[in-house]
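Inspection log for the structure reproduced underneath, given as structure tokens.
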Amino acid sequence: MNYGWIVIVFIAIFLFFKWVNILREYERAVTFWLGRLSAQPKGPGLVLIFWPFETMIKVSLQTVVLDVPSQDVITRDNVSVKVNAVVYFRVVDPARAIVEVQNYLYATSQLAQTTLRSVLGQAELDDLLSERDKLNAQLQEI
């Protein structure tokens with residue numbers, strides 16, 4: 001009995017499962033061919049990745065709900081206030097999210113915390129209580 005054919009078939013099946021990927025409608029694959037970024041993200045649907053020469057990172061295009069931890073803010077009139085927030089965002093350009101930022105989820109969280117402290121720190125306590133819609137609009141714009 002020749003075990004060489006069994007090994008070859010096993011390797012072929014292994015490579016087939018490494019090469020064939022199925023991405024959902026809300027996912028894209030940022031691919032790197034020998035370390036270089038491919039021109040366009042792949043997906044959705046059936047995606048062929050020629051491993052080990054090509055690697056992929058899946059990126060979700062769904063809206064992410066990110067809870068901003070409670071922040072201590074000192075208002076312009078020197079009153080200490082605890083505030084919390086929620087950030088809704090989604091990835092628009094998957095390649096830039098992977099290549100240009102080391103961890104885009106963490107970076108977004110840190111930016112949201114800093115922006116929250118900065119904007120609310122410029123307002124007085126009375127403005128925080130009475131003009132919430134105006135401050136929310138300013139935070140959303142930033």
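If only residues of the stretch 20-41 that are among the polar types (S, T, N, Q) and within 19 Å of Asp93 (Cβ to Cβ) are counted, the one that is least open to solvent (accessible area, probe 1.4 Å) is Thr31.
Listed here are the residues, each with its yes/no results for (1) modelled with pLDDT under 90; (2) assigned to a strand (DSSP E or B); (3) in contact with a strand residue (DSSP E or B) (Cβ under 8 Å, 6 or more places away or on another chain).
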{"site": "Trp5", "(1), (2), (3)": "yes, no, no"}
{"site": "Lys18", "(1), (2), (3)": "yes, no, no"}
{"site": "Ile22", "(1), (2), (3)": "no, yes, yes"}
{"site": "Val30", "(1), (2), (3)": "no, yes, yes"}
{"site": "Gln40", "(1), (2), (3)": "no, no, no"}
{"site": "Thr55", "(1), (2), (3)": "no, yes, yes"}
{"site": "Gln62", "(1), (2), (3)": "no, no, no"}
{"site": "Ser70", "(1), (2), (3)": "yes, yes, yes"}
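Scanning the stretch 42-53 for residues that are part of a loop (DSSP other than H, G, I, E, B) and within 21 Å of the chain's Cα centre (by Cα) yields Gly43, Pro44.
Results for (1) under 30 Å from Ser118 (Cα atoms); (2) open to solvent by less than 40 Å² (accessible area, probe 1.4 Å), shown as yes or no for each residue.
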| residue | (1), (2) |
| --- | --- |
| Phe10 | no, no |
| Lys18 | no, no |
| Gly43 | no, yes |
| Thr55 | no, no |
| Lys58 | no, no |
| Gln71 | yes, yes |
| Thr75 | yes, yes |
| Ala95 | yes, yes |
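Pairing residues of the stretch 105-123 that are under 11 Å from Gln71 (Cα atoms) and open to solvent by less than 80 Å² (accessible area, probe 1.4 Å) with residues that are among the small types (Gly, Ala, Ser) and not in a loop (DSSP other than H, G, I, E, B), at Cβ distances under 9 Å and at least 6 apart in sequence or on separate chains, gives Ala112/Ala85; Gln113/Ala85; Leu116/Ala85. Residue-level analysis places Val47 outside the set of residues that are among the hydrophobic types (A, V, I, L, M, F, W, C), more than 23 Å from Arg96 (Cα to Cα) and open to solvent by less than 60 Å² (accessible area, probe 1.4 Å). The requirement of being modelled with pLDDT under 85, open to solvent by 50 Å² or more (accessible area, probe 1.4 Å) and either farther than 27 Å from Thr31 by Cβ or in contact with a Phe, Trp or Tyr (Cβ under 9 Å, 6 or more places away or on another chain) (or both) is satisfied by Arg132.
The values are calculated or read from the model by the stated rules, or taken from the named source; none is laboratory data. This is a predicted model, so every value here is computed, not measured. Counting neighbours? That spans all protein chains shown, and the Cβs are built from the backbone with ideal geometry, glycine included. Protein only, heavy atoms only, side chains kept; ligands, DNA and RNA dropped before computing areas. Shrake-Rupley method; radii C 1.70, N 1.55, O 1.52, S 1.80 Å.
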